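What follows is a set of notes on a single structure, which appears directly below.
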Amino acid sequence: MGPQYDGRASTSSPVSLRLLLVRHGLSSFNVERRIQGRDDLSVLTAQGEEQASRTGLALKDVPITAAYSSPLRRAASTCEGLLKAQGQALTPVMDEGLLEIDLEPWSGMSADERATRDPEAFKAWKLTPESLELTRKDGSRYRPLPELMEQARDFLRRLLERHSIESNDTVLVVGHNAILRCLMLVLLGEPQQGFRRLQVDNASLSVFNLSPKAGGGHQVQIECLNNTAHLGEGLPKKGSGARLVLVRHGETNWNRQGRFQGQIDIPLNENGHAQAEAARGFLEDVSLQRAYSSSMSRPRQTAEGILRSHPGVPMTLTRGLVEIGHGLWEGKLEEEIKAEWSALLEEWKRTPETVQMPEGETIQDVWERSVSTWTTIAESLDPQETALVVAHDAVNKTILCNLLGLTPADIWAVKQGNGGVTVVDMPTDPSQPAVVTCLNLTSHLGGVLDRTAAGAL
């Protein structure tokens, strides 16, 4: 894990600095499947311009403090179109720290040409991109991805000098596929094989929240990743492997009250059923072949609501996906827990991997059973299949941390809103990690930001 960015966020930490990361809209080279890199020959298509406007409209109610953009035309035009539609009179800063990855020898080539002319390098880019070496026109050898990671570190360092964690600023950052992935990886502590674990589509919105950390430094939380719902195109296109759609159950009364429910079987409230119905509408055009749910009422009811648009899809209930056992904390409000277990509660917020719940589970216990159950489900799917999986906050967080290359110490780095939708695409090559295609989409619940109850697990 990198020393500068600790990928943790407390359950109760207020958002102090919000980063809105947006990839440029569809470009002419995107359509032609040509390598763009740092060349500035590619421009936004009419569809790309429309995507920029749609992204701005989706952010219309979000006050933006400052905007930064890559100076390359496809990004700068996206930023301009977004801000115009968003309605704020901001002048973006054109920052070379947001330039795309330098693929000089390949610039302008089609993907097929690249594979034919430089098969070994193309294979390295696909399988181990951090090892790729290329030769510039001046004859010098270089490694594009490590260079870009250093560029991302420098950009974030400078950004945090301008916008402190305590500033409550909301900062728009418009860039490109590879540089945005590198920024995300630096924020998350640079997990192993991280570059291939993420997807960033044209005009997608990813939201990262940074807040102060006890003892100094800051904590990072992914609020959403690769959200394209505002473009009216549904979920991103499925890859060649199996797909899993992971959903957190809808709201319960105890979620709303902030009461720790754990393994007490609390059903959905009226809003929770409405969230399940919204998720049903959002996913109704997705082809589902199987469904899995925690055996508890709140995820089962959520899954049943979603499956109303998918009659005949079999659902399997499993104990492996039940929520973390809070033991003696279950049924209690946070202030009640604080009165009796103040130090342990603070430890749970700060270093959850160290906590043994009184007469309950550890996060490691949940990690082992949830990841094992997830792996069993994923390995049972044929490549053409898509499965729905509905579970709980802590369960989903452990699964996603594992998929992102993080650890049990990092569960607060992942937000899971009630009724939020996450998509994971499995690899066809066993040497490659699964791709977290999008994470915690809540646009179907109203607005691009997650406004569901913060609640307790």
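Please treat every number below as a calculation from the coordinates, not as lab data. This one's a predicted model, so the numbers in the text were calculated from it and none came from an experiment. Note: ideal-geometry Cβ built from the backbone for every residue, glycine included; neighbour counts use all protein chains shown.
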Problem - Mean-position separation - Cα centroids, the range 341-391 and the range 195-241, in angstrom - result: 21
Practice task
Calculate how many DSSP beta bridges within the range 243-445 are antiparallel, expressed in % of all such bridges and rounded to the nearest 5.
Solution key: 45
Completion exercise
If N is the residue count of the range 20-65, its Cα Rg over 2.2 N^0.38 Å rounds to 1.33
Exercise for the section: Work out the length of the dipole vector of the range 243-445 about its Cα centre, built from +1 on the beta-carbon of each Lys and Arg and -1 on the beta-carbon of each Asp and Glu, and round it to the nearest 20 debye. Expected result: 320
Completion exercise
Kirkwood-based Rg/Rh on the Cα set of the range 243-445 evaluates to 0.96
Practice task
For each of LEU159, LEU185, LEU90, LEU225, count neighbouring Cβ atoms within 10 Å of the residue's Cβ, then give the residues from fewest to most.
Solution key: LEU90, LEU159, LEU185, LEU225
Completion exercise
D (µm²/s, integer) via Stokes-Einstein for the range 17-231, Kirkwood Rh across alpha-carbon pairs, 25 °C, 0.890 mPa s: value 139
Exercise for the section: Compute the relative contact order of the chain as a whole-number percentage, counting only Cα pairs closer than 8 Å that sit 6 or more residues apart in sequence. Expected result: 20
Problem - Electrostatic dipole magnitude of the range 17-231 [Cβ: Lys, Arg +1; Asp, Glu -1; Cα centre; debye, to 20] - result: 280
Exercise for the section: Show the residues, 5+ positions off or on another chain, whose built amide H is closer than 5 Å to the amide H of GLU385. Expected result: ARG243
Exercise for the section: Kindly express, to the nearest 10 degrees and within the range 0 to 90, the angle between helix 177-187's C-alpha long axis and the longest C-alpha principal axis of the chain. Expected result: 50
Fill in the blank from the handout: In Å, the Kirkwood hydrodynamic radius from C-alpha pairs for the range 203-338 sits at 17.3
Completion exercise
When the charge dipole of the chain is computed with +1 at the Cβ of Lys and Arg and -1 at the Cβ of Asp and Glu, the Cα pointing farthest to the positive end, of LEU17, SER287, LEU345, is that of SER287
Exercise for the section: For each of TYR292, TYR142, count neighbouring Cβ atoms within 10 Å of the residue's Cβ, then give the residues from fewest to most. Expected result: TYR142, TYR292
Exercise for the section: Take every DSSP beta bridge whose two residues both sit in the range 17-231, then give the antiparallel share in percent to the nearest 5. Expected result: 55
Completion exercise
Sorted on mean Cβ neighbours within 10 Å (highest first), peptides 228-235, 175-182 come out as 175-182, 228-235
Handout entry: Dipole-positive endmost among ALA121, ALA111, MET94 within the range 58-176 (Cβ charges, Cα centre)
Key = ALA111
Handout entry: Relative exposure of LYS338, LYS137, judged by other C-beta atoms within 10 Å (fewest first)
Key = LYS137, LYS338
Fill in the blank from the handout: For LYS238, the lysines lying under 20 Å Cα to Cα, once residues fewer than eight places off in the same chain are dropped, come out as LYS126
Exercise for the section: Working from the alpha-carbon coordinates of the chain, get Rg over Rh, Rh being the Kirkwood radius. Expected result: 0.96
Practice task
Identify, among LEU148, SER380, ALA75, the residue whose Cα sits farthest towards the positive end of the charge dipole of the chain, taking +1 on the Cβ of Lys and Arg and -1 on the Cβ of Asp and Glu, with the dipole about the Cα centre.
Solution key: ALA75
Exercise for the section: About the Cα centre of the chain, how large is the charge dipole given +1 on each Lys and Arg Cβ and -1 on each Asp and Glu Cβ? Please answer in debye to the nearest 20. Expected result: 500
Problem - With Cα atoms, 0 to 90° folded angle of helix 297-306 axis to the chain main axis - result: 50
Problem - On Cα atoms only, tilt of 270-283 relative to the major axis of the chain in degrees - result: 30
Problem - Long-range Cα-Cα pairs in the range 410-449 (distance over 14 Å), rounded percent - result: 57
